[in-house]
Amino acid sequence: MRILALAAVAIAVLCADSAGAQSLKDDFDKGSLDPTKWTKKQITDAQISFVPDSRCGLSAIEITAREGDGGQQCGNACERAELRTAKSSWPSFGQEVWYRFSFRIDGDIPTIGSARTVIGQWKGPGDGSPMLAQRFDNGVFHITVQDNDNRRVVASAEGNYDDVQTVEASAAKPGDKHEKDISVVLGLQSELADGSVPDIAGKTRSDDVAGAPVDKGSFAQSSEIAKSPGVVDPKFFSQIEVIPEKDAVLPDPRKGWVDMVYRIKPGRTDNERGPRGRGEIDIWANGKKIVSVRGNIGATLKQGGDEKLIGPYFKFGIYRSSVPGTLRFRFDEFSQATSRDGLPVLCPAK
């Protein structure tokens with residue numbers, strides 16, 4: 001009986017530790033990185049600095065990607081400078097988690113030809129591309145959600161984050177790694193000319209060097225697009241439901257601080273292990289609800305897989321294809337909790 005009692009106490013302690021481990025807060029006011037909260041596996045010390053221009057408090061962290069610096073764990077033609085949450089804060093996969101942080105961007109910002117610029121991402125078990133990502137292609141802030149090989153844009157600031165001219169220019173380069181995606185876009189454009197498919201060419205493209213197709217255009221039209229005839233490969237369209245709010249436009253982080261709140265509850269109806277049910281994501285920006293997303297989010301988890309059912313973990317910073325110039329990503333007032341009530345007040349009065 002005593003052994004059973006001790007075992008029960010141990011289990012209770014482990015459960016309490018697990019629940020508490022999911023909470024995380026960092027205001028970066030100490031002017032140094034806390035190794036109990038963040039890991040530097042994908043960033044160099046030279047890419048990290050602390051600046052007094054903060055959202056509130058004494059300082060903010062600034063991540064810098066310079067032309068040609070590469071960074072850690074980055075292949076050819078790539079620049080990476082990302083910090084990742086420590087494993088002690090990763091939630092059980094499928095549990096509801098809330099995040100809040102503030103960020104802004106400045107530096108040399110290309111307005112065309114920026115094929116991949118990720119400035120924040122969440123990755124769960126089995127994910128190749130992030131299940132949820134903040135992106136800044138062509139200087140336009142937008143957010144994507146992943147459904148296996150499908151990538152959907154669910155919210156965007158004003159501007160053209162995906163200029164087809166970039167794809168058309170790549171078509172002139174034999175053996176270009178975008179060849180498959182180029183043929184998709186240009187093929188649809190060709191078929192549009194003779195009226196054989198509806199006008200969806202402007203809504204379908206490759207997202208980045210990895211080449212996952214994206215739904216582009218009116219978010220409210222996403223279900224209509226998915227049913228459009230004449231598209232040979234159905235994997236180009238996901239069953240993710242995107243529910244935008246009225247006038248759901250993201251702020252421009254070049255113009256000042258942007259305050260983000262995310263609610264994430266991973267799930268898929270086709271999971272053989274892990275959370276079985278529709279995933280849920282809700283997003284707010286500068287205090288305004290932007291969009292809700294429901295459906296199969298992230299990668300399908302198959303029976304017999306060896307992925308640990310923890311996460312998603314969060315990364316922030318810069319991960320981009322090599323482009324000229326220097327980009328600076330400023331980040332502040334990060335918090336993670338299991339409920340919205342668990343998020344501390346942003347910039348409380350003193």
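Quick check on the range 250-281: of everything there that is open to solvent by less than 10 Å² (accessible area, probe 1.4 Å) and in a strand (DSSP E or B), which residue is nearest to Asp53 (Cα to Cα)?
Result: Val258.
Examine the range 306-324 for a residue that is in contact with an Asp or Glu (Cβ under 7 Å, 6 or more places away or on another chain), modelled with pLDDT under 95 and open to solvent by 70 Å² or more (accessible area, probe 1.4 Å), and state whether such a residue exists.
Scanning the range 306-324 turns up at least one residue that is in contact with an Asp or Glu (Cβ under 7 Å, 6 or more places away or on another chain), modelled with pLDDT under 95 and open to solvent by 70 Å² or more (accessible area, probe 1.4 Å).
Applying the selection to the range 312-342, what residues are within 14 Å of the chain's Cα centre (by Cα) and closer than 21 Å to Asp34 by Cα?
Across the range 312-342, the qualifying residues are Pro312, Tyr313, Phe314, Lys315, Phe316, Gly317, Ile318.
This table checks each residue for (1) out of contact with any strand residue (DSSP E or B) (no Cβ under 6 Å at 6 or more places or on another chain); (2) in contact (Cβ under 8 Å) with a residue 24 or more places away in the chain; (3) buried (at least 22 other Cβ atoms within 10 Å of the Cβ).
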{"residue": "Gln72", "(1), (2), (3)": "no, yes, no"}
{"residue": "Ala81", "(1), (2), (3)": "no, yes, yes"}
{"residue": "Val97", "(1), (2), (3)": "no, yes, yes"}
{"residue": "Thr111", "(1), (2), (3)": "yes, yes, no"}
{"residue": "Val118", "(1), (2), (3)": "no, yes, yes"}
{"residue": "Trp122", "(1), (2), (3)": "no, yes, yes"}
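Within the range 57-70, which residues are open to solvent by less than 60 Å² (accessible area, probe 1.4 Å) and at pLDDT below 95?
Result: Gly57, Ala65, Asp69, Gly70.
Please count how many residues of the range 22-47 are among the aliphatic types (A, V, I, L, M) and open to solvent by 30 Å² or more (accessible area, probe 1.4 Å).
Total meeting the criteria: 2.
Of the residues in the range 228-249, how many are in a loop (DSSP other than H, G, I, E, B), buried (at least 19 other Cβ atoms within 10 Å of the Cβ) and at pLDDT 80 or above?
Total meeting the criteria: 2.
Suppose we filter Pro130, Pro110 for residues that are at pLDDT 95 or above, of a type outside the set (S, T, N, Q) and assigned to a loop (DSSP other than H, G, I, E, B); which single one remains?
Going through Pro130, Pro110 in turn, just one is at pLDDT 95 or above, of a type outside the set (S, T, N, Q) and assigned to a loop (DSSP other than H, G, I, E, B): Pro130.
Of the residues that make up the range 283-299, is at least one open to solvent by 40 Å² or more (accessible area, probe 1.4 Å), free of Cβ contacts under 8 Å to residues at least 12 places away in the same chain and either more than 29 Å from Arg80 (Cα to Cα) or assigned to a strand (DSSP E or B) (or both)?
Scanning the range 283-299, I find no residue that is open to solvent by 40 Å² or more (accessible area, probe 1.4 Å), free of Cβ contacts under 8 Å to residues at least 12 places away in the same chain and either more than 29 Å from Arg80 (Cα to Cα) or assigned to a strand (DSSP E or B) (or both), so the answer is no.
The values are calculated or read from the model by the stated rules, or taken from the named source; none is laboratory data. If you're wondering where the values come from, they're calculated on a predicted model, not measured in any experiment. Methodologically, a virtual Cβ is constructed for each residue, glycine included, from the backbone with ideal geometry; neighbour enumeration extends over all protein chains shown. For the accessible areas, the whole protein counts, side chains as well, though only heavy atoms, and no ligand, DNA or RNA atoms are used. Shrake-Rupley method; radii C 1.70, N 1.55, O 1.52, S 1.80 Å.
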